[in-house]
Amino acid sequence: IVLEEDTVPISKTFYCNRAFRLGNERFGCWNFHAWQDLHEALTNSCDIYFYNTSMMFGIEKLTRYSMSFGLGRGTGIDIPFEKNGFIPSIEAAAKQGVNWYGGLTLISSIGQGEVKTTLVQLADYISVIANQGKSYRPHIVKEIVDGQTGEVKQKIVPELLTQVPYSKSTFQFLTYSMREVVKTGTAAKAFARVPLEFVGKTGTAEVGFGAKKQTHSLFTGFGPINFPASEQIVVVVLIEYENGNPLKYAGNVAAMVVNSWFYKEDF
């Protein structure tokens, strides 16, 4: 939203001291980051930056932009029982008898709270960035071939799934910042031995409430960005119940996948 709207300059900084207060509520960040602009907030995964900007934009725009990327709907992948996910909104909350308040906007802005998504949806989301505004319906099957004759009986033709009208500079900035995540940010250690120009973003998903709350770790990315688009891949990794270690496994597994795919070897 920051890159497409005129409300907040990308050079605008917000101070992260690990806490954001809204009324009597405290919303935390996983680390101390000091002053952060948009590029730094993406690189370092600073929640405080996004808490501040979400309050400036409001939940209506957060919902609209999220859904424009295909979140909250199924992709139509050729496997059964795909889930649609869920993007919270004022209208959806009202149907559940909940009055929307600022704290819900804050946690929604970092993909937590009532936000629900599948790994396939995340792969589609990240491919929109990779393709600078477009994604194509995912398939498990590429083609069906006659086992005796070798004749191709059916070949899957790419079908446009998502197209967003955002500027080329928006996707260039996101790619630039996601590259920094892998070079110097939250995924730098995981990708230290991968010489390819891969880009990505780390994340944390929460499950449960209160004393029973636990966390999963996520990594999603694409590349190598200096390869032709037809030779690039999207990688999404979820490690369940990685409580207290959000940077320990997901990025490392993603780096192993990337290395194995392009070099056909393990670390």
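The values are calculated or read from the model by the stated rules, or taken from the named source; none is laboratory data. All values derive from a computational prediction rather than experimental measurement. Positions of Cβ are generated from backbone atoms using ideal geometry, with glycine treated the same way; all protein chains shown enter the neighbour counts. Accessible surface is based on the protein model in full, side chains and every heavy atom, while ligands, DNA and RNA are left aside. Shrake-Rupley method; radii C 1.70, N 1.55, O 1.52, S 1.80 Å.
Got at least one residue in the range 136-151 being out of contact with any strand residue (DSSP E or B) (no Cβ under 7 Å at 6 or more places or on another chain) and hydroxyl-bearing (S, T, Y)? Yes, the range 136-151 has at least one match. Does the range 135-148 include one or more residues that are in contact with a Phe, Trp or Tyr (Cβ under 8 Å, 6 or more places away or on another chain), under 17 Å from S230 (Cβ atoms), free of Cβ contacts under 8 Å to residues at least 60 places away in the same chain and not aromatic (F, W, Y)? Within the range 135-148, not a single residue is in contact with a Phe, Trp or Tyr (Cβ under 8 Å, 6 or more places away or on another chain), under 17 Å from S230 (Cβ atoms), free of Cβ contacts under 8 Å to residues at least 60 places away in the same chain and not aromatic (F, W, Y).
The set of residues in the range 50-81 being in contact (Cβ under 8 Å) with a residue 12 or more places away in the chain, more than 20 Å from L160 (Cα to Cα) and part of a loop (DSSP other than H, G, I, E, B) consists of G58 alone. Would you be able to say whether some residue in the range 237-250 is in a strand (DSSP E or B), touching a residue at least 24 places away in the same chain (Cβ under 8 Å), open to solvent by 60 Å² or more (accessible area, probe 1.4 Å) and charged (D, E, K, R)? No, every residue in the range 237-250 fails to be in a strand (DSSP E or B), touching a residue at least 24 places away in the same chain (Cβ under 8 Å), open to solvent by 60 Å² or more (accessible area, probe 1.4 Å) and charged (D, E, K, R). Of all residues in the range 27-66, exactly one satisfies the criterion of being over 17 Å from the mean Cα position of the chain (by Cα), within 18 Å of L247 (Cα to Cα) and of a type in the set (S, T, N, Q), namely N31.
Within the range 163-180, none of the residues are more than 24 Å from E5 (Cα to Cα) and not small (G, A, S).
Failed condition for N17, given (1) at pLDDT 95 or above; (2) within 24 Å of G200 (Cα to Cα); (3) among the polar types (S, T, N, Q), with all others met? Of (1) at pLDDT 95 or above; (2) within 24 Å of G200 (Cα to Cα); (3) among the polar types (S, T, N, Q), only one is false for N17: (2).
Name the residues in the range 173-220 that are open to solvent by 40 Å² or more (accessible area, probe 1.4 Å) and in a strand (DSSP E or B), would you? Across the range 173-220, the qualifying residues are K201, T204, E206, V207, Q214. Of the helices (runs of 4 or more DSSP H) lying entirely inside the range 82-161, those containing at least 3 residues that are touching a Ser or Thr at 6+ places or on another chain (Cβ under 7 Å) and crowded, with 19+ Cβ neighbours inside 10 Å span 102-109, 119-130. The lone criterion from (1) surrounded by 15 or more Cβ atoms within 10 Å (Cβ to Cβ); (2) over 16 Å from the mean Cα position of the chain (by Cα); (3) more than 24 Å from G133 (Cβ to Cβ) left unmet by Y166 is number (3).
In the list T202, T149, T186, which residue meets the criterion of being farther than 14 Å from A255 by Cα and either among the hydroxyl-bearing types (S, T, Y) or modelled with pLDDT under 90 (or both)?
T149
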